[in-house]
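The block underneath contains the structure these notes are about, expressed in structure tokens.
The values are calculated or read from the model by the stated rules, or taken from the named source; none is laboratory data. Predicted, not measured: the structure shown is a model, and the values here were computed from it. All Cβ positions, even for glycine, are placed from backbone atoms using ideal geometry, and neighbour counts span all protein chains on display. Remember, those area values only see protein heavy atoms, side chains included, never the ligands or the DNA or RNA. Shrake-Rupley method; radii C 1.70, N 1.55, O 1.52, S 1.80 Å.
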Amino acid sequence: MKSSVQEFPFFIKSANKLRMHTNSIIELNRTAYQKNIAFLKTTFGKKVRISSVVKGNAYGHGIKEIVSMAYENGITHFSVFDMEEAKAVKAELLDKVTIMVMGLVQDEDLEWAITNDVEFFVFETARLTKAVKTAKKLNKKAIVHIEVETGMNRTGFEKNEMNKVIALLKKEKEYIFFKGLCTHYAGAESIANYYRVDKQIKRFDDIYQYLCKNDLKPEIKHSACSAASIMFPETRMDMVRIGIMQYGLWPSPEVFVNYLNTKKSKIDPLHRVITWKSKIMSVKKVAIGDFIGYGTSFLAERKMKIAVIPIGYSHGYSRSLSNQGRVLINGHRCIVVGSVNMNMMTVDVTDIEIVKKDDEVVLIGSQNELSVSVASFSDFSNQLNYELLTRISKTIPHKIID
């Protein structure tokens, strides 16, 4: 898909008001997203529900845009981290979908959640007790997912706490709907964690069986993230919580290789959804022996021509990519030189014959025959795909393209 630089002026009209857009634009490829969802549905089958994980501003892609595309593709379940994200999904899709909060639920947010049928994880007795109290006040059931500790050692009820949970769920069944039993696996993206994850799967099943013996059975079981859903198919259960893969990226190279090893065709079935573009702010020449940027991290060893890009670490482009990051300009792969600043960075365009202000700069995505993938950043820094994506500033405008 080609998109002209003229398509994103530095001034963008929004809500009938003119507001300044100072640095870049995020483009989201609707067709790529559609293909990813189709692949996931085929992989998991009709009996497994897909929950679209849109925490972290939909992994930097934008909650509003992603949930609308997901819904267009038949996704009706969304997982978020907190109530702020739940409200963002609710604002976009109203009562058309199920929203599940996996993390933070402040006491003051419980009333809104219960009133709006927003489901949430419960992993400590205090939250369960507070949920009961709020549900009684509203005379409406709280819809909860009981999270159990299986080996992540982060959040979740230990098995020795389950008797208290069982007693409370039975006693307050008029006010608590035990919708799901869930857990989260530690390191499913790496084969090095195989035995640890395998042990977690067994612990989860053990707790599930214990609940059933006590006449308490959840409506659904769910435990798999993107990595676990591929590496450990038995974890798919009733629902999978898919984050990174819906955006066209694999949780790790190991997960990708593991998938390819099960197929005759060695073609990546996922398609990158995001493209991040900016424009050159200024072009200037640098003499031999001059330093570029703050400090002395880059010395010009030849006559150079550099382009200044209005993107920095305040926009989500990591400072760790100083002197290492790559961008695409006029069909050339250009290296970042000097330190990435708060709002700007400089790139080497010496070998580009014709380059000028306002030329397109691709930070993530493709230009001509070249591409800069999110995953490629791990070659130049210690950032994960997840970290780089979620650091992209929410203030950058998003645009869905076909």
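Please determine whether any residue of segment 2-21 is closer than 19 Å to ILE392 by Cα, at pLDDT below 95, touching a helix residue (DSSP H, G or I) at 6+ places or on another chain (Cβ under 9 Å) and outside any strand (DSSP E or B). No, segment 2-21 contains no residue that is closer than 19 Å to ILE392 by Cα, at pLDDT below 95, touching a helix residue (DSSP H, G or I) at 6+ places or on another chain (Cβ under 9 Å) and outside any strand (DSSP E or B).
Does segment 187-200 hold any residues that are buried (at least 16 other Cβ atoms within 10 Å of the Cβ) and either of a type in the set (Gly, Ala, Ser) or touching a helix residue (DSSP H, G or I) at 6+ places or on another chain (Cβ under 6 Å) (or both), and which are they?
Here is the first cut: in segment 187-200, the ones buried (at least 16 other Cβ atoms within 10 Å of the Cβ) are 187-190, 193, 196-197, 200.
Correct list: GLY187, ALA188, GLU189, SER190.
Give segment 197-254 a look and list any residue that's of a type in the set (Ser, Thr, Tyr) and modelled with pLDDT of 95 or more, or say none. Within segment 197-254, TYR208, TYR210, SER223, SER226, SER229, THR235, TYR247 qualify.
Does VAL355 count as closer than 20 Å to ILE335 by Cα, at pLDDT 90 or above and among the aliphatic types (A, V, I, L, M)? Spell out how you get there, then give the answer.
On the way: closer than 20 Å to ILE335 by Cα: yes; at pLDDT 90 or above: yes; among the aliphatic types (A, V, I, L, M): yes.
The answer is yes for VAL355.
The conditions are (1) touching a Ser or Thr at 6+ places or on another chain (Cβ under 6 Å); (2) of a type in the set (A, V, I, L, M); (3) open to solvent by 10 Å² or more (accessible area, probe 1.4 Å); (4) over 21 Å from TYR247 (Cα atoms), and ALA91 fails exactly one of them. Which is it? Of everything listed in (1) touching a Ser or Thr at 6+ places or on another chain (Cβ under 6 Å); (2) of a type in the set (A, V, I, L, M); (3) open to solvent by 10 Å² or more (accessible area, probe 1.4 Å); (4) over 21 Å from TYR247 (Cα atoms), ALA91 misses just condition (1). Checking each residue in segment 256-286 for being in a loop (DSSP other than H, G, I, E, B) and touching a strand residue (DSSP E or B) at 6+ places or on another chain (Cβ under 8 Å) picks out HIS271, ARG272, VAL273, ILE280, MET281. Of the residues that make up segment 74-85, is at least one acidic (Asp, Glu), assigned to a helix (DSSP H, G or I), buried (at least 23 other Cβ atoms within 10 Å of the Cβ) and out of contact with any Ser or Thr (no Cβ under 8 Å at 6 or more places or on another chain)? Looking through segment 74-85, at least one residue is acidic (Asp, Glu), assigned to a helix (DSSP H, G or I), buried (at least 23 other Cβ atoms within 10 Å of the Cβ) and out of contact with any Ser or Thr (no Cβ under 8 Å at 6 or more places or on another chain). State whether the residues of segment 79-92 include one that is of a type in the set (S, T, N, Q) and closer than 30 Å to ASN36 by Cβ. There is at least one residue in segment 79-92 that is of a type in the set (S, T, N, Q) and closer than 30 Å to ASN36 by Cβ.
Here the condition is being of a type in the set (Lys, Arg), in contact (Cβ under 8 Å) with a residue 12 or more places away in the chain and more than 21 Å from LYS221 (Cα to Cα); of LYS171, LYS137, it holds for LYS137 alone.
Selection over segment 141-176 of residues that are surrounded by fewer than 16 Cβ atoms within 10 Å (Cβ to Cβ) and either touching an Asp or Glu at 6+ places or on another chain (Cβ under 9 Å) or among the β-branched types (Val, Ile, Thr) (or both) gives a count of 4.
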